[in-house]
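Below is one structure, written out as structure tokens, with a few remarks after it.
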Amino acid sequence: FPYTTLFRSQHIGAPAKVIVNVGDVVKKGQLIGVAQENALGANIHSSIDGTVINADENYVTIRRD
């Protein structure tokens, strides 16, 4: 696939806080969202190498480069 979409809420609990911006280049396995402090949640990581093309309140989309 040329891109992947990662939902901030792939788990029970609070959505992860996105720590990347549109245009950022990320590597597979890189941390892109962190669990909110004092809340049930989980960190999320990039599943591919690529460029962030969307980062909003619901999800992060990464285009494979």
Single residue of segment 19-41 satisfying the filter (modelled with pLDDT of 95 or more, surrounded by 15 or more Cβ atoms within 10 Å (Cβ to Cβ) and among the aliphatic types (A, V, I, L, M)) that is nearest to the chain's Cα centre (by Cα): ILE32
The number of residues in segment 16-60 that are part of a loop (DSSP other than H, G, I, E, B), touching a residue at least 40 places away in the same chain (Cβ under 8 Å) and not aliphatic (A, V, I, L, M) is 4
How many residues, within segment 42-65, are open to solvent by 80 Å² or more (accessible area, probe 1.4 Å) and among the hydrophobic types (A, V, I, L, M, F, W, C)? 0
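The values are calculated or read from the model by the stated rules, or taken from the named source; none is laboratory data. Note that this is a predicted model, so its numbers are computed, not measured. Note: ideal-geometry Cβ built from the backbone for every residue, glycine included; neighbour counts use all protein chains shown. The accessibility values were calculated without ligands, DNA or RNA, using every heavy atom of the protein model including side chains. Shrake-Rupley method; radii C 1.70, N 1.55, O 1.52, S 1.80 Å.
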